[in-house]
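The structure appears right after this line, and notes come after that.
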Amino acid sequence: MRSYFNDAFETVFAFSTDPTGTAADDPDAAPLVLYRAFPAQWQLIRKPPVGPPRTLLTSDSRPALDELRTAAGLTGAAAEA
């Protein structure tokens with residue numbers, strides 16, 4: 001029953017401030033945001049301490065966790081935690 005609802009509905013707005021689940025590992029890192037406002041694409045954005053936000057990834061479908069971590073440069077030991 002749950003898969004029916006997950007397959008039948010489209011996410012129209014999303015704003016996740018810790019999409020990779022690694023914010024607690026490095027609180028000084030520039031924040032990551034996974035954002036979508038339908039009909040636009042999904043975007044993974046990093047906000048550096050100075051300057052405008054940088055788009056790291058855009059996708060028509062919601063990116064998988066591995067895609068998010070790769071785009072954010074979270075590989076190796078930091079991604080495994």
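The values are calculated or read from the model by the stated rules, or taken from the named source; none is laboratory data. Here the structure is a predicted model, which is why all the values come from computation and not from measurement. So basically every Cβ, Gly included, is an ideal-geometry build from the backbone, and we count neighbours across all protein chains shown.
Structure summary
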{"read-out": "Complete set of residues in the range 14-33 that are assigned to a strand (DSSP E or B) and either hydroxyl-bearing (Ser, Thr, Tyr) or more than 14 Å from Leu68 (Cβ to Cβ) (or both)", "value": "Phe15, Ser16"}
{"read-out": "Output for the range 56-74, where each listed residue is hydrophobic (A, V, I, L, M, F, W, C) and either closer than 17 Å to Pro31 by Cβ or touching a residue at least 40 places away in the same chain (Cβ under 8 Å) (or both)", "value": "Leu56, Leu57, Leu65, Leu68, Ala71, Ala72, Leu74"}
{"read-out": "Test: residue in the range 43-59 that is polar (S, T, N, Q) and either part of a loop (DSSP other than H, G, I, E, B) or modelled with pLDDT under 90 (or both)", "value": "no"}
{"read-out": "One residue from Arg69, Arg36 being surrounded by 10 or more Cβ atoms within 10 Å (Cβ to Cβ), at pLDDT 85 or above and assigned to a helix (DSSP H, G or I)", "value": "Arg69"}
{"read-out": "Every residue from the range 22-81 that is of a type in the set (Lys, Arg) and more than 14 Å from Thr11 (Cβ to Cβ)", "value": "Arg46, Lys47, Arg54, Arg69"}
